[in-house]
1. Tell me, which residue of the stretch 114-142 that is hydrophobic (A, V, I, L, M, F, W, C), surrounded by 14 or more Cβ atoms within 10 Å (Cβ to Cβ) and touching a residue at least 24 places away in the same chain (Cβ under 8 Å) is farthest from Leu71 (Cα to Cα)?
2. Across the stretch 40-64, what is the number of residues that are among the aliphatic types (A, V, I, L, M) and surrounded by 11 or more Cβ atoms within 10 Å (Cβ to Cβ)?
3. Which of the residues spanning the stretch 65-97 are surrounded by fewer than 19 Cβ atoms within 10 Å (Cβ to Cβ), of a type in the set (A, V, I, L, M) and out of contact with any Pro (no Cβ under 8 Å at 6 or more places or on another chain)?
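What follows draws every value from the coordinates through simple rules; no lab data is involved. What you see is a predicted model; the values in this text were computed from it and never measured. Here Cβ is always computed from backbone atoms with ideal geometry, including for glycine, and neighbour counts include all displayed protein chains.
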Amino acid sequence: MFVTEQVDAMRAMGTDPGRKLVTPRVIATMLVMPLLTALTDFVGLIGGCLASVFTLRLDAVQFWTRAIDALEFGDLMQGLTKPIFFGFFLATVGCYKGLTVRGGTQGVGRATTQAVVISSVLILVSNLFLTRLMLWLADKVL
């Protein structure tokens, strides 16, 4: 939108691009990431069940019983809290790079690559600190 001057048109009409473009994307990403994580966790469990039934000849009921018994509160807390932060980082970096892109279509490609790299590094670094914080909180709460 920045390359085609749509953002400039929004500013000329007195509309704040941050409020109209960035905020909905950040909120939507922060809300959807935990749902997407839960869905992929469930699909992974289904795949694990199929693999254990067909390769290990383990009963499906036994697999689900063991999987549920192995689940702890700290796992759920980490698994559904960290994606909120990751979604914030993804959407914020993507919107920032999208609103500061220069150089036409080549600039869009460069900005996309930079957004992916910066988001990946932010997620890796924040994962370290969030994991330590979540493990500390899980010890204090439980």
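1. Ile118
2. Going residue by residue through the stretch 40-64, those that are among the aliphatic types (A, V, I, L, M) are 43, 45-46, 50-51, 53, 56, 58, 60-61.
With the extra rule that they be surrounded by 11 or more Cβ atoms within 10 Å (Cβ to Cβ), the set shrinks to 45, 50-51, 53, 58, 60.
Residues in the stretch 40-64 being among the aliphatic types (A, V, I, L, M) and surrounded by 11 or more Cβ atoms within 10 Å (Cβ to Cβ): 6 in total.
3. Ala67, Ile68, Ala70, Leu71, Leu76, Met77
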